[in-house]
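Accompanying notes for the structure given below.
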Amino acid sequence: MRSIYETPDRKVFQQTIAKFVASEITPYVDEWDEAGEIPWELHAKAGALGIYGLGIDEAYGGLGFDDCFMRVIIGVEVARCGAGGVGAALGGCNIMTGPLQALASEEIKRKTLPAIMAGREGGALCITEPSGGSDVANMETHAVRDGDDFVINGSKTFITGGMRAKHFVVGARTGGPGLDGISLFYVEKGAPGFTQTALAKKMGWWASDTATLYFEDVRVPASDMIGQENMGFLAIMNNFNLERVGLIATALGCSKLCLSESIRYAQERHTFGKPLIKHQVIRHKIAEMSSRIDALETYLNQIAWMVNEDEMPVAEICKAKFFGTQVYEYCAREALQIFGGAGYLRGTPVERLYREVRVVAIGGGSEEIMRDLAVRQMGL
Amino acid sequence: MKILVAIKRVPDAETTIKVNPEGTGIVNAGVKWVVNPFCEIAIEEALKIKETKGDVEVVLVTVGRSESQEQLRTGLAMGADRAILVTAENLDTTGVSRVLAKIVEKESPDVVFLGKQAIDDDSNEVGQMLAQRLGWAQACYISEFNMADDAKSAQVVREIDGGMRTDKVMLPAIITADLRLNEPRYASLPGIMKARKKPLEEIDGASLGVDLEPKIIIKSMAPPPARAAGRLVESVDELINALKNEAKVL
């Protein structure tokens, strides 16, 4: 559907990313997903296109501007490769550059951002703990001041890119209980006392590495605190907003792929003497999928516009995230029904799309948490 | 040095093309438009020369509707310096070559690159016609291009039937790019943002004083006949019999 927000720049960018994905990613996703990783060169190729640079100053290798529509384009088009893990591996390494740009010291910015922008090195954001993810207020990992240093103890889990990343932004409690006692720290791979363990086999997102991280008396200089002491929660929440916009875009891209795969298959496959697409029951599925996708896309465009206007629509982002993952869940379900047995076989995109619904519906804030947050935003 | 690259807006190769009910052309609605892939290769070659030689201006030109700006913008985002859009509709290859000859006169480039053909009409004529109009040398279907240090000539490898042929061509010349010449780069986001500030000049085709009337009239257009489904045969004999007597290819 044509959008009133389309500009020549966004259109060229969308075409570039679509082409990049179609020629450099999609042909290899089965291989990479089975191998459990993507080749690191892909980060460099993506970095050269500028996909990591939105919202980052040019001095640190970024683009010097931000555009939420371009963030959405990246999310949608990368998702259309059909393997969420590839997108997570590619995009996850960029997940913590926002707080670094906004809050980190000049030294940390110089050390981390140019390498991440160019796709040479990866980053990871460490918030979720074995005891809870969205329940940031009850974070248990803590950092205690010792002279000019902080000493971090605790553990983090479900950390995307946790094995391959070099730069980690870690949330830890520096103050009292609750939301007001959390700070962010920069930790580099190899710091004494910092260990990484890969998580066991996952339901989906195989190409994306996920880790549990342990901090045992990890000592960092006080200057490696990112932002002000005990003010980490706000930075975490701000970062979540854009991460969720990215996940809504992922849900949209996956839904679109479910639809295009369904149409392709329904035109090829013949049953009862005619192509599937000529059967009313299938046509109605296509209509329903398509209408829900249009609704999600329109919703997301409106959110992107508000983000660009500096009016972060927190409630709408929450609502669009659970709405979006439900659209995706519906489209994946219907796509698999249209494919029938063929869609149950590994090697078809819809098989993977169906499996990977859950991670998008849970990661970055589950549907349940999103609903709760949305209602809280209404002041209820 | 100045390099002129002529490019064309064409439907994406993945787009399903439908012939309109009148049979006079294709249905434009819903078609995704892109830079002709061979033209992208032509742009890439010009950009490579710019990168190795330094002081080179890469100018893009296209002839078509104002929407073709999008494709020029893509080329600018890849790294070309400026672009010219000659607005005109329903031209055939003769008309396009006349327009391009005028632009070459105006710009006096040292070399002109084109794609060997556009993937829509597959005419494979414009480069050759342009060379004829200008009285320039032409080297078509190039898979390798090496400019001499003095930029007075170039050594090219041409893909011809049954092999490769190496030619020396005196510049200025018309060069048309074949598939294997290079792998075109992507338009990066920094490139897209820079392209905003690059000049894009629009010229009304009618103002050039050349004959734009098509010499080729499309009488009718029809999709290829639908292919019948294949059939499994029981034996080699049956296959040979079918190839001989039904398909009549043996």
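Annotations for the structure displayed:
- Exactly one residue among A:Ala137, A:Ala89, A:Ala104 is crowded, with 24+ Cβ neighbours inside 10 Å, of a type outside the set (Ser, Thr, Tyr) and closer than 19 Å to A:Gly232 by Cα, and that residue is A:Ala104.
- Helices (runs of 4 or more DSSP H) lying entirely in region A:41-153 (those with 1 or more residues that are basic (Lys, Arg) and under 30 Å from A:Leu257 (Cβ atoms)): A:41-49, A:68-79
- Complete set of residues in region B:35-83 that are in a strand (DSSP E or B) and in contact with a helix residue (DSSP H, G or I) (Cβ under 7 Å, 6 or more places away or on another chain): B:Val35, B:Val58, B:Val59, B:Leu60, B:Val61, B:Thr62, B:Val63, B:Ala83
- So A:Gly190, is it part of a loop (DSSP other than H, G, I, E, B), under 24 Å from A:Lys111 (Cα atoms) and either free of Cβ contacts under 8 Å to residues at least 24 places away in the same chain or among the aromatic types (Phe, Trp, Tyr) (or both): yes
- Subset of region B:199-208 (residues that are in contact (Cβ under 8 Å) with a residue 40 or more places away in the chain and either surrounded by fewer than 12 Cβ atoms within 10 Å (Cβ to Cβ) or over 21 Å from B:Arg133 (Cα atoms) (or both)): B:Pro199, B:Leu200, B:Glu201, B:Glu202, B:Asp204, B:Ala206
To keep it simple, each residue is scored yes or no on (1) among the hydrophobic types (A, V, I, L, M, F, W, C); (2) over 17 Å from A:Gly119 (Cα atoms); (3) within 14 Å of chain B (Cβ to nearest Cβ).
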site	(1), (2), (3)
A:Ser3	no, yes, no
A:Lys11	no, yes, yes
A:Lys19	no, yes, yes
A:Glu58	no, no, yes
A:Leu63	yes, no, yes
A:Ala83	yes, yes, no
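- Members of region A:21-45 found to be more than 10 Å from chain B (Cβ to nearest Cβ) and either surrounded by 20 or more Cβ atoms within 10 Å (Cβ to Cβ) or aliphatic (A, V, I, L, M) (or both), listed by number: A:Val21, A:Ile25, A:Val29, A:Trp32, A:Asp33, A:Ala35, A:Ile38, A:Leu42, A:His43, A:Ala44
- Residue match in region B:49-66 (condition: buried (at least 17 other Cβ atoms within 10 Å of the Cβ), of a type in the set (Lys, Arg) and away from chain A (no Cβ under 14 Å)): yes
- Test: residue in region A:237-256 that is free of Cβ contacts under 8 Å to residues at least 40 places away in the same chain and surrounded by 16 or more Cβ atoms within 10 Å (Cβ to Cβ): no
- The residues in region B:227-250 that are under 29 Å from A:Glu268 (Cβ atoms) and part of a helix (DSSP H, G or I) can be counted, and the count is 5.
- B:Val169 being within 21 Å of the chain's Cα centre (by Cα) and over 30 Å from A:Leu63 (Cβ atoms): yes
- The strands (runs of 3 or more DSSP E) found wholly in region B:87-164 and carrying at least 1 residues that are closer than 26 Å to B:Ile216 by Cβ and modelled with pLDDT of 95 or more occupy B:111-115, B:137-147.
The values are calculated or read from the model by the stated rules, or taken from the named source; none is laboratory data. This is a predicted model, so every value here is computed, not measured. Note that each Cβ is placed from the backbone with ideal geometry, even for glycine, and that neighbours are counted across all protein chains shown.
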